[in-house]
Each structure stands twice: as structure tokens, then as C-alpha cells.
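Below: one structure, written as C-alpha cells.
We did not get these values from a lab; they are worked out from the coordinates using the rules stated. It should be emphasised that the depicted structure is a prediction, and the values quoted were computed from it without experimental measurement. Here the Cβ positions follow ideal geometry from the backbone for every residue, glycine too, while neighbour counts run over all protein chains shown.
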Amino acid sequence: MPHITARDGTRLYYEETGSGTPILFVHEFGGDWRSWEPQMRYFARRYRCITFSARGYAPSDIPEDVERYSQAIAVDDMADILQSLEIEKAHVVGLSMGGFATLHFGLRYPQMALSLVVAGAGYGAEKQYEDYFRGVSLEVARQFETRGAPEFSKTYSTAASRIIFQCKDPRGWLEFATQLGEHSSLGSARTMQGVQARRPSIYDLEPELKAMAVPTLVMVGDEDDHCLQPGIFLKRVIPACGLAVLPKAGHTLNIEEPALFNQLVSDFLATVEQGRWLARDPRSTPAEIMKTS
């Protein structure tokens, strides 16, 4: 099984297919390397596609020490994968936890990012819910450790933002829920404790985001309530940012609406590669309603 070794010695499992300009896919907390299968099959026709399991997710290593999990470490792991595969620059596509990591990758490794797709990123970012999110993240970690992933996944997979997926595509949702139940209980708990519960709010990153020049597409589902306002915030502060809101869609965008997700990302990548995904023209200031002179 193919692995690369991260800078701290953790082994990370990856798969790749296709050829051409690289795309790195970064999964959500509830997913793993398998979550990107609809994208691997679609984009491999024109791109070199890489998917991987984050630390804490088999077949990658599952460190026991919570200090070996953090937002910064997750971003360094992404850079280590690209460097190990001798990739200087790549498009980076992330969902939820992977979307946060993708955003931070653009801030820390902009020289390695051709573009960023930040999908379903927002949980814990809203300042009024920040303390609640950190507390509930620790409780989720406790539930994974005490009840185990096979049992607690039955609860986690029916969170509010997953219900629309279950309603519209029961078969797809069941595959997601089944794979979630196969995760490491320890790895899920440590990821919640070290990454989710400790990561900074994106609102605290406003100065850095305003200076980030990487072309960015933010994607949210309109029934993913706690990602909507953060998505609008990112659109307003990142200079070269577009916002796509998918109708009647929840959190798990890439597998819930794979055709629409793939089309939007494909058009974005093509526009970036043509040099036409530009920063917002300063004349289109959001402070102006109508022009009078």
C-alpha cells in the first residue's frame, strides 16, 4: 500500500490516478480517502488526482498522542505529500475539515497552491458559537472513545446538515455512514480533540485572508446553516474568491451532489488555468448601492 512519511515520522496513505496538472483532495472529518471517489473518477480524465487519509484515519498511522494532531500539522501533512510526490504546485480541493486545511494551506504554502476549493467550511467559525463548538467537539471525541466508531457513527451521521443527503439519496448516505463506522475510534477522538476543537475561527484570520492572492472557490450547501455566513465572509475578504451556493444541499457536497460539484470545480479550474479567475475589481465596492455621479 502506498504511503509517504510526514516530517514527524507519521505514515500517510495515499492513492493517485490520471496524469496532468495535479489536484490534491482533502477529506472531511466524517470521510477518508474513499470520500473522493466521484471526483477521482471524473477529474482523472484530465488531471493527476491524489487523495489520502489524514493521520488518525486508516490506512494512515493513528498516533495516540493528541499533540500529534493540529490544524498546523494537518497543513504540513498536505505539503509533505506533495513534496514526497515531487509536485511543486497543485490545485487543492477540501471539504469541511479538509476545507479548513485547504484554506490554511493557501495561507501557509501559497507558492504550492495553484488554486483552492474550500467546500463546507464553517463549523466553529461563527464567533457566537465558538465556545459551544469547542465543547461539543470534545464531547464528540468522548463519545467516539467510549462508545466506539461503529456505534457512535449512527448518531454522528444523522446530524442536521446530513439529513438532506439521507432524504434525497438514502443509498449514498448509507455508504457514507457505513464508512464512518469503519473509522478508528481513537483516531476520530484525537482528530476532534487536536484539530477541530483547537483550530482558530476563520474570522480571526481576516488580515491574512485579505492578503492571500490564491484563486479560491468557496462552496456551501444552502441547508448547511453554519457554513453559509462563513462562506459569505470568505467571499468578501479573499481578493480572488467566488462563492457557489448549492440549492437544497447539506454538508457533504462532493458526494451528495457529485455532478454539480464536479461541474463547478471543473469550470473553476479551467478559468484559473486560463488566467481569468481575477481578484475583485475595486470599482465593484460592496459599499455602493447605486451610482449617482
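Give me the Å³ per residue figure for the convex hull around the C-alpha atoms of the range 101-233.
That works out to 121 Å³ per residue.
Looking at L138, A211, Y14, which one has the Cα that reaches farthest to the positive end of the dipole of the chain (charges on Cβ: Lys, Arg +1; Asp, Glu -1)?
Going by the Cα projections, it comes out as A211.
Per residue, what volume in Å³ does the convex hull of the Cα atoms of the range 67-170 enclose?
150
Residues of the range 89-120 with backbone nitrogen within less than 18 Å of a virtual label 7 Å along the Cα-to-Cβ line of T271, please, listed as ranges.
In the range 89-120, the label zone of T271 (backbone N under 18 Å from the point 7 Å along Cα→Cβ) covers 91-94, 114-120.
For q values of 0.16, 0.17, 0.33 Å⁻¹, compute log₁₀ I(q)/I(0) with the Debye formula on a Cα-only model of the range 175-214, without solvent.
-0.63, -0.66, -1.02
How long is the gain from D8 to K89 if the chain were fully straight, where each residue apart is worth 0.36 nm and the alpha carbon distance is subtracted?
The span from D8 to K89 would gain 26.9 nm if fully extended.
Order these by the 10 Å Cβ neighbour count, fewest first: I87, I202.
In order of increasing Cβ crowding within 10 Å: I87, I202.
Only sites in a loop by DSSP and with at most 16 other Cβ atoms within 10 Å count here; which GluC sites (Glu not before Pro) in the range 32-93 make the cut? Before the final figure, lay out each step's value.
Numbers: sites: E64, E67, E86, E88; in loops: E64, E86, E88.
Hits after loop and neighbour filter: E64, E86, E88.
For labels at D281 and N262 in the simple 7 Å Cα→Cβ model, what's the distance in nm?
3.4
Starting from the exponent 0.38 and prefactor 2.2 Å, build the expected Rg for the chain from its residue count and divide its actual Cα Rg by it.
Details: Rg = 18.2 Å, N = 293, 2.2 N^0.38 = 19.0 Å.
Relative to the rule-of-thumb radius for its length, the chain sits at 0.96.
For labels at E64 and A160 in the simple 7 Å Cα→Cβ model, what's the distance in nm?
3.8
Suppose only helical runs count, i.e. DSSP H with n ≥ 4. What mean residue ellipticity at 222 nm does that imply for the chain under -39500 (n - 2.57) per run, divided by all residues and rounded to the nearest 500 deg cm²/dmol? Display every interim value, and only then the final one.
Values: 12 runs with 122 residues, N = 293.
Per the formula, -12500 deg cm²/dmol.
Sticking to Cα atoms, compute the Rg of the range 147-293 to one decimal and its Dmax as the biggest Cα-Cα distance, whole number, in Å.
When restricted to Cα atoms, the range 147-293 yields Rg and Dmax of 18.6, 65 Å.
Scaled to the compact-protein estimate 2.2 N^0.38 Å, what is the alpha-carbon radius of gyration of the range 133-200, rounded to two decimal places?
1.13
What is the Cα centroid distance between the range 5-73 and the range 205-279, reported in whole angstrom?
A separation of 20 Å, based on Cα centres.
Report the charge-dipole magnitude of the chain in Debye, nearest 20, computed about the Cα centre from +1 at each Lys and Arg Cβ and -1 at each Asp and Glu Cβ.
On the way: 30 positive and 37 negative charges, 121 e Å.
Charge dipole, the chain, about its Cα centre: 580 debye, nearest 20.
Among 51-57, 121-127, 224-230, what's the highest-first ranking by average C-beta atoms within 10 angstrom per residue?
Descending mean neighbour count gives 51-57, 121-127, 224-230.
Compute the distance in nm between two label points, each set 7 Å from the Cα along the Cα-to-Cβ direction, one at T17 and one at Y203.
Using points 7 Å along Cα→Cβ, the separation is 4.1 nm.
Quick one: T191, T271, fewest Cβ neighbours within 10 Å first, how do they rank? Please report the intermediate quantities before stating the final value.
Values: T191 28, T271 16.
So the residues, fewest neighbours to most, are T271, T191.
Do you know the relative contact order of the chain, to the nearest whole percent, from alpha carbon pairs under 8 angstrom that are 6+ apart?
On the way: 563 pairs, mean separation 55.2, N = 293.
Computed value for the chain: 19 percent relative contact order.
At a 10 Å Cβ-Cβ cut-off, how would you order Y156, Y203, fewest neighbours first?
By the 10 Å Cβ count, ascending: Y203, Y156.
Report the extension gain between I289 and K127 in nm, rounded to one decimal, defined as 0.36 nm multiplied by the number of residues separating them, less their alpha carbon distance.
Between I289 and K127, full extension yields 55.5 nm more.
Quick one, can you get me the convex hull of the C-alpha atoms of the range 49-128 expressed as volume per residue in Å³?
109
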